[in-house]
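Working notes for the structure below.
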Amino acid sequence: MTKPPPRIVRTVADLRNVAGEWKGQSLRSTLVPTMGALHKGHLEIVRMAKTLAERTIVSIFVNPTQFNNPNDLANYPRTLDADWRMLEEAGVDLLFAPRQHEMYPEDFTTKITVSKVSEGLCGAFRPGHFEGVATVVAKLFNQSQANFAVLGEKDYQQLHVVRRMTRDLDIPIEIVAHPTVREPDGLAMSSRNARLTPQERQLAPELARQLNIAAAAFGRGTPAQDIYQVAHKAILAAGFSSVEYFELRAERDLMPLQSLSEPARLLVAANLGRVRLIDNVPVSE
Ligand code: PAF
């Protein structure tokens, strides 16, 4: 039997009603929070979400409070109809697509700050970004009352911020990480990739390539500063206009590491044309 298309709800009250119905029937749910412009990477995350619980909710909300740059917010792709069709094919049960005033009424004044894990990396270059993420994700968790949430490892610092916020605020939801989904040439899938010119798209996989080269060098015990220098040079030589950071951090708590003393991640952010790309890989001996 083919599944009916996902129901779309636009208000918190309607979302709560559906969540309440499901709870009444002892059905658990998984939330996949997104900002839309869905791609194959999101569909992989949805696939995982469907294995965790009987019901799957996808939220689509381009969250203004996490954009530190108004142009970035204005240019963020909005493709609700196409997204809805993809979610229908993926067999999602519910699409929550609130309007801005539903999430942020005029007198909205609360902000969630998650210190330490939100400092440095993207936090250093995008002031206020993680406050916006933590606040909207806490709202989505409370609104949906989902049992699980799946987030992609591509936004690795975001994953840490959300985990810490959820634990610190005792929100009863289990966060499940999905490994980064990549194009065949290694480029991490992202809604922002659609804004690359064809020429930039050809250059973009260099970021993942340099991460893998550097990860192997850490594994061989090469000093961090030498690795960073080589990587910065190679990324700029490939055609990127700037490298914001290229850093080794502990997987456990995202604190900076100078060497491979524990399981680690190598994280990068770099600008290619008008597009800011981020990526990361696990690093082990
Ligand atoms: O990763 C994203 O798409 C967003 O940061 C999230 C988690 C949906 C919050 O707006």
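Every number here is computed from the coordinates shown, using simple stated rules; none is lab data. This structure is a prediction, so every number in the text was calculated from the model and none was measured. Reconstructed Cβ throughout: ideal geometry from the backbone, glycine too, with neighbour counts over all protein chains shown.
Rounded to the nearest Hz, the phi-derived 3J(HN,Hα) couplings of segment 169-181 under the Karplus curve 6.51 cos²θ - 1.76 cosθ + 1.60 (θ = phi - 60°) are 9, 6, 7, x, 9, 9, 8, 10, 8, 10, x, 4, 9, where x marks glycine and proline. Inter-part distance, segment 58-106 to segment 136-178, computed on C-alpha centroids, equals 17 Å. Distances between placed amide hydrogens fall under 5 Å for Arg28 paired with Glu54, Arg55, all partners being 5 or more residues away or on another chain. Report note on the peptides 222-231, 238-247, 159-168: ranked by the mean count of other C-beta atoms within 10 Å, highest first, their order is 159-168, 238-247, 222-231. Since only Gln145, Ser115, Pro70 are under comparison, the one whose Cα sits farthest along the positive direction of the charge dipole of segment 67-169, derived from C-beta charges on Lys, Arg, Asp and Glu, is Ser115. Considering all C-alpha pairs of the chain, those separated by over 30 Å amount to 32%. When the helices of the chain are scored as -39500 (n - 2.57) per DSSP H run of n ≥ 4 and the total is divided over every residue, the value at 222 nm lands at -12000 deg cm²/dmol. When the pairs Lys23/Lys111; Lys50/Lys139; Lys23/Lys154 are compared against a 24 Å limit on Cα-Cα distance, Lys23/Lys111; Lys23/Lys154 fall above it. Within the shell defined by Cβ-Cβ distances under 15 Å, the residues around Val243 carry a net charge of -1, with Lys and Arg each +1 and Asp and Glu each -1.
The alpha carbons of segment 193-285 occupy a box of 40, 24, 17 Å along the principal axes, longest dimension given first.
Going by a ≥ b ≥ c, the root eigenvalues of the Cα gyration tensor, does segment 200-241 fall in the rounded group (a/c under 1.5), the prolate group (a/b larger than b/c) or the oblate group? Because a/c hits 1.5 or more and a/b fails to exceed b/c, segment 200-241 counts as oblate.
Of Leu121, Leu80, Leu31, the sequence from fewest to most neighbouring Cβ atoms within 10 angstrom is Leu80, Leu121, Leu31.
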